[in-house]
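Input: a single structure, listed below in structure tokens.
Rule-based calculations on the coordinates, nothing more; no lab input. No experiment lies behind these values; they were computed from the predicted model shown. Cβ sites come from the backbone with ideal geometry, for glycine too, and all protein chains shown count toward neighbours.
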Amino acid sequence: MKNTLLQLRRSPKFMVGFCLFVAILLTIFIYPLFFPGNPLEMIGVGTFAKPGTYVSLYDAVSTSRKETLKLADADDKRLAAALSQEDKISMMNLFAKGGIETDVTLEDTDEILAIWEENYDRLMSEVKMKKAEQRNYRLLQSRLEALKSADTLVVMEQGGEEEMSKIVKTDYVRTKDVANVKTLPLGTDNFGRDVLKELVSAAGTSLRIGLLAGIVATIVGLSLGLLSGYLGGNVDEIIMFITTMFTVIPSFVLLILISYSLGQDQRGPMVVAVVIGLTSWTWTCRSVRSQVISLRNRDHVNLSKLSGHSLVRIILTDILPYIASYVVMAFILQVSSGILAEAQLSLLGLGPKTTTTPTLGLMMNWAMLYSAHTNGSWWAYFPVILTIALISFSLNLMNTGMDQVFNPALRD
């Protein structure tokens with residue numbers, strides 16, 4: 001055993017996959033300790049809030065400690081931030097009507113503002129336009145001029161009464177001095193939930209599903225493969241007939257049919273894991289059977305038979321240790337397959353019930369249903385895809401490293 005572990009430590013692929021997988025596990029266990037709470041708590045009123053740090057406007061205004069900072073480019077940044085994409089398109093259209101030839105793009109906000117300020121009066125007097133368009137341009141100019149004023153007035157409600165507070169543009173407050181600050185590294189999803197907290201919880205649930213599915217598939221495949229390969233004869237034919245039946249019917253189609261027949265209320269994470277395991281054991285059974293057939297006539301096995309040892313003892317002590325490494329590799333692949341199968345099922349709406357526990361597949365399903373991929377809300381689905389890819393990559397890398405260590409044909 002010690003020699004085997006030393007061999008695995010010398011395998012770069014196994015160590016990279018192992019370290020990556022351990023890092024994922026540590027994140028799943030440690031993150032909730034520092035950021036506890038319900039991962040499905042809806043903290044956002046709107047949907048798909050962008051990643052970033054959010055400061056309470058009310059608390060920022062009422063913060064007593066303020067510092068005066070005179071930043072040279074503050075006004076320019078304020079004006080640029082106030083212009084929407086539609087505003088810039090409207091301004092560019094007016095430039096074109098007024099005969100102003102320019103090669104600036106919509107990203108050149110400073111240049112657009114400079115041209116607008118220089119030519120606004122002339123354009124409004126010379127360019128023919130509808131009254132509605134003229135009114136919109138004047139409102140835009142009024143908004144820009146208001147931002148250039150020395151200060152602004154903010155209406156707040158305190159104790160049921162309205163109070164006027166004068167906020168000077170050069171007043172700044174530290175985020176640490178504001179009472180309510182919330183950092184959302186991955187924003188919120190379509191329901192206004194913290195994507196990062198939800199992602200960590202979902203990764204843990206998907207891993208549990210994959211582990212249980214891998215255990216079920218490995219136990220069923222290993223048991224049938226051992227019996228089929230060692231006993232042979234009619235037992236082998238019956239087991240192979242059952243295995244062939246499950247192989248002919250695509251396992252994912254069978255998985256869909258079983259999941260659909262259970263109904264959503266019965267489809268908890270563990271039930272889905274068991275169903276996945278019961279539909280993905282066939283290739284493990286076939287592989288174990290072929291390994292056992294090559295071992296059952298070895299000298300040490302024949303000696304055990306002559307000694308009168310029981311079937312269970314021969315399988316457990318004379319055959320299983322020789323294929324243990326292969327069983328571990330099969331288990332790792334089954335875990336990876338289980339995680340991917342759950343994601344596929346959930347994308348089709350046949351995964352675990354959606355109201356209690358998030359999974360990686362369910363997060364993908366929610367993002368797809370609410371068109372996150374079309375409205376630019378990448379943070380709702382890309383981290384999920386990356387997490388699934390990293391988990392599968394780490395497990396498959398570990399399996400490849402183990403195969404290089406234990407498979408004589410692949411050793412250097």
Determine which lysines satisfy two conditions relative to Lys131: a Cα distance under 21 Å, and not lying fewer than 8 residues away in the same chain.
Lys88, Lys97
Taking Asp75, Asp236 and counting other beta carbon atoms within 10 angstrom, the fewest-first order is Asp75, Asp236
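Could you state the per residue volume, in Å³, of the convex hull enclosing the Cα atoms of the chain? Please list the in-between numbers first.
Numbers: hull volume 107.6 nm³, N = 412.
Given the Cα convex hull of the chain, per-residue volume reads 261 Å³.
Counting other C-beta atoms within 10 Å, and keeping those with at most 12, which DSSP coil trypsin sites (Lys or Arg not before Pro) do you find in the stretch 32-71? Display every interim value, and only then the final one.
On the way: sites: Arg65, Lys66, Lys70; in loops: Arg65, Lys66, Lys70.
Of the trypsin sites (Lys or Arg not before Pro), the ones in loops of the stretch 32-71 whose Cβ has at most 12 other Cβ atoms within 10 Å are Arg65, Lys70.
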Would you look at the GNM of the chain, springs on alpha carbons closer than 10 Å, and say which of Ser228, Ser84, Ser325 moves the most?
Ser84
Please report the orientation-averaged projected area of the stretch 279-369, defined via the convex hull of its C-alpha atoms, in nm².
7.7 nm²
Listed residues Ser287, Gly192, Ala179: farthest to the positive end of the dipole of the chain (Cβ charges):
Ser287
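So how do Leu386, Leu186, Leu254 line up by other beta-carbon neighbours within 10 Å, fewest first?
Ascending Cβ contact count within 10 Å gives the list Leu386, Leu254, Leu186.
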Once every DSSP H run of n ≥ 4 in the chain is given -39500 (n - 2.57) and the sum is divided by its residues, what mean residue ellipticity at 222 nm do you get, rounded to the nearest 500 deg cm²/dmol?
-20500 deg cm²/dmol
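Please go through the stretch 78-154 and write out the GluC sites (Glu not before Pro) that DSSP classes as loop and that have at most 13 other C-beta atoms within 10 Å. The partial results should precede the final answer.
Numbers: sites: Glu86, Glu101, Glu107, Glu111, Glu117, Glu118, Glu126, Glu133, Glu145; in loops: Glu101, Glu107.
The qualifying sites are Glu101, Glu107.
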When we measure straight from the Cα of Lys353, which aspartates and glutamates land under 13 angstrom away, once same-chain ones fewer than 8 places off are left out?
Asp265, Glu342
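Please tell me which of these pairs span more than 18 angstrom C-alpha to C-alpha: Lys50/Lys70; Lys66/Lys148; Lys70/Lys182; Lys148/Lys182; Lys50/Lys197? Write down the numbers at each step before the final one.
Details: Lys50/Lys70 29 Å; Lys66/Lys148 21 Å; Lys70/Lys182 27 Å; Lys148/Lys182 30 Å; Lys50/Lys197 15 Å.
Lys50/Lys70; Lys66/Lys148; Lys70/Lys182; Lys148/Lys182, as the Cα separations exceed 18 Å there.
Compare the peptides 277-285, 341-349, 6-14 by average per-residue count of other Cβ atoms within 10 angstrom and give them in order, highest first. Please report the intermediate quantities before stating the final value.
Values: 277-285: 23.6, 341-349: 21.2, 6-14: 15.0.
Packing proxy ranking, top to bottom: 277-285, 341-349, 6-14.
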Rounded to the nearest 20 debye, what is the charge dipole size of the chain about its Cα centre when +1 sits on each Lys and Arg Cβ and -1 on each Asp and Glu Cβ?
1760 debye
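Could you please rank Val22, Val220, Val312, Val195, placing first whichever residue has the fewest other Cβ atoms within 10 Å of its Cβ?
Details: Val22 11, Val220 17, Val312 8, Val195 26.
By the 10 Å Cβ count, ascending: Val312, Val22, Val220, Val195.
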Whole-Å distance, taken between Cα centres, linking the stretch 89-104 and the stretch 335-353
52 Å
